Amino acid sequence: MNPSSLTADFIIQPGWIIPMEPGDEALEDHAILVESRKIKSVLPLEALPDNLDIERIELPNHAVLPGLVNAHGHAAMSLLRGFADDLPLMPWLEDHIWPAETAHVSEEFVRDGTSLAMAEMLLSGTTTFSDMYFFPEVVASLCAKSGMRAQLATPVFEFPTAWGEGADDYISKSLALRDDCKNMDRLQIAFGPHSPYTVSVPTLEKVALYAAELDMGVHIHLHETAGEVLSAVEATGERPVDSLRRMGLLGPRTQCVHMTSIGKQDIANLAETGAQVIHCPQSNMKLASGTCPVNDLKAAGVNVGLGTDGAASNNDLNMFNEMHTAALLAKLTASDPTVMPALQVLHMATLGAAKALGLDQEIGSIAPGKQADLIAVDLSAPATQPLYNPLSQIVYACTGGEVTHSWVAGDALMRDRKLLTIDLDDTLARAKHWKQKISSL
Ligand SMILES: CSC[C@H]1O[C@@H](n2cnc3c(O)ncnc32)[C@H](O)[C@@H]1O
Ligand SMILES: [Zn+2]
């Protein structure tokens with residue numbers, strides 16, 4: 001090939017590429033060409049002339065994979081990590097978390113907590129996150145600064161909080177934020193009605209109408225515990241997933257977070273409507289909320305993405321940990337070690353999560369035309385040697401600390417484990433300050 005006919009902004013030449021599509025194998029002796037923020041091509045090394053005048057990033061001990069997509073979390077709750085542990089969901093929320101949020105949540109809390117979360121997520125390989133939290137406009141400006149990609153699911157409750165006065169106020173703030181962010185190409189705004197037990201039927205119906213009219217996502221905690229399902233049946237005669245379907249709220253742009261305590265009919269509802277499921281295994285296990293039957297959902301054709309939930313219930317935002325847990329939990333639940341193999345778990349953390357957020361045309365795999373959202377994982381340390389299969393190391397042996405580089409839309413956000421867009425010392429100092437403030441009350 002004539003060197004002058006080949007163009008790219010830079011080339012990444014790793015030991016292995018795990019593209020996620022079209023095939024399922026790891027590629028060796030290949031390179032990724034990045035141009036104008038996108039993946040231009042994935043080429044065998046022999047197709048690249050030696051004398052190209054293009055920056056080449058050579059990473060012979062690394063696997064490069066799509067940046068991980070954390071499909072559910074509450075980023076600023078990183079400031080409440082370890083604040084209330086070892087409790088079931090409702091006492092955890094009602095007796096500890098909500099009172100702490102009432103006392104402390106402000107623009108500053110969200111700014112400092114989200115910066116801490118972004119640093120943690122980037123250092124463990126996440127390049128896109130879905131955030132459901134107060135003051136999403138603050139998170140939007142932090143995304144612009146850090147370069148991370150995000151879905152911001154704006155809170156909708158029936159009752160007042162620091163960010164809104166009541167249902168209509170939350171909805172109009174969500175719509176205003178959508179307008180304000182329309183030119184920010186790494187951000188999308190979705191509605192985040194907290195749950196069927198905190199948002200009324202008329203409000204959920206209003207959200208369904210706006211979401212359909214404006215093609216916006218809806219991100220909702222649903223079937224998190226058996227208690228939630230039981231109380232709904234006692235109060236309304238219906239299971240929450242049935243109620244959502246009747247309200248017109250179940251469909252491909254609805255992201256159902258948790259989905260434990262589900263049976264055949266619930267799975268059929270999800271499959272028939274094309275609704276998305278977001279699986280948060282560590283949060284579900286720590287709060288003993290229940291199990292999401294991922295294997296049955298996948299068998300029924302339901303798309304499943306993976307998320308950490310907030311650091312107050314997990315207690316980390318590390319998608320490598322989450323993949324490991326998702327794999328082991330699925331095997332144990334099915335009493336079958338062949339279920340949820342490594343590739344399927346990585347799919348939930350990349351393309352499956354991207355699809356859940358409606359972003360699978362943009363991100364989630366290393367394919368020409370997609371955004372260059374990539375991470376490089378160093379597989380040379382003792383804990384990841386010897387190496388028979390890079391995919392196996394990534395899901396079963398890595399801890400997240402092996403991620404050395406990350407890019408979003410071709411912009412480097414981390415190089416050699418140094419964060420390039422976040423002031424880590426300042427972020428850590430602020431987190432310490434909040435710990436003093438929160439524990440002094
Ligand atoms: C709509 S703002 C987010 C709201 O959700 C609370 N929250 C955090 N984790 C969970 C969970 O697992 N289930 C239900 N609600 C949760 C958070 O504290 C905020 O108030
Ligand atoms: Zn949550």
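Observations
- Between the residues Leu387, Asn303, Ile366, the greatest Cα displacement towards the positive end of the dipole of the stretch 285-388, with unit charges on the Cβ of Lys, Arg, Asp and Glu, is found for Asn303.
- Spin-label proximity, Met90 to the stretch 158-176 - amide N less than 19 Å from point 7 Å beyond Cα toward beta carbon: 158-159
- Cβ-derived FRET efficiency at R0 41 Å, Met285 paired with Ala212, nearest 0.05: 0.75
- Cα gyration tensor, the stretch 367-441 - rounded (a/c under 1.5), prolate or oblate: oblate
- Remark: the chain carries a charge dipole of roughly 80 debye about the Cα centre, counting +1 on each Lys and Arg Cβ and -1 on each Asp and Glu Cβ.
- In Hz, Karplus ³J(HN,Hα) per residue of the stretch 33-38 (6.51, -1.76, 1.60; θ = phi - 60°; x = Gly, Pro): 9, 10, 9, 6, 6, 10
- Taking every DSSP bridge with both residues inside the chain, close to 45 percent are antiparallel.
- If only the Cβ of Lys and Arg carry +1 and only the Cβ of Asp and Glu carry -1, the dipole of the stretch 128-202 around its Cα centre is close to 360 debye.
- Between Glu234 and Ala299, the FRET efficiency estimated from the beta carbon spacing at R0 = 35 angstrom works out to 0.70.
- Calculated mean residue ellipticity at 222 nm for the chain: -10000 deg cm²/dmol, from DSSP H runs with n ≥ 4 weighted as -39500 (n - 2.57), summed, divided by the residue count and rounded to 500.
- Beta bridges per DSSP, both residues in the stretch 1-155: antiparallel share near 40 percent.
- Inter-label distance for Leu424 and Leu343, nm, one decimal - labels placed 7 Å from Cα along Cα-to-Cβ: 3.5 nm
- Separation between Cα centres of the stretch 252-280 and the stretch 287-309, rounded to whole Å: 8 Å
- Partner lysines for Lys264 [C-alpha distance under 25 Å; skip if fewer than 8 residues away on the same chain]: Lys298, Lys331, Lys355
- Computed from label points 7 Å out along Cα-Cβ, the spacing between Leu332 and Ala397 is 2.3 nm.
- In degrees, nearest ten, helix 201-214 long axis to first principal axis of the chain (Cα): 30 degrees
- Positive dipole terminus of the stretch 156-215, leading residue within Ile189, Val201, Leu175 (C-beta point charges): Ile189
- The alpha-carbon of Lys173 sits under 25 angstrom from the alpha-carbons of these lysines, leaving out residues fewer than 8 places away in its chain: Lys145, Lys182, Lys206.
- Bridgeable aspartates and glutamates around Lys435 (alpha carbons under 12 Å apart, same-chain partners fewer than 8 residues away excluded): Asp112.
- The chain shape via C-alpha gyration tensor axes, a/c threshold 1.5: prolate
- Taking θ as phi - 60° and the Karplus parameters 6.51, -1.76 and 1.60, the scalar couplings of the stretch 351-364 work out to 5, x, 5, 4, 5, 4, 8, x, 10, 6, 7, 9, 9, x Hz in sequence order, x denoting glycine and proline.
- Degrees between helix 226-236 axis and first principal axis of the chain (Cα, 0 to 90, nearest 10): 40 degrees
- Between the amide H of Ala31 and those of Leu43, Leu45, distances stay under 5 Å, these residues lying 5 or more places away or on another chain, with hydrogens modeled in the peptide plane.
- Placing unit charges on the Cβ atoms only, positive for Lys and Arg and negative for Asp and Glu, gives the stretch 102-237 a dipole magnitude near 420 debye about its Cα centre.
Rule-based calculations on the coordinates, nothing more; no lab input. Quantities reported herein were computed from a predicted structural model and do not represent experimental measurements. Cβ: placed from backbone, ideal geometry, glycine included. Neighbour counts: every protein chain shown.
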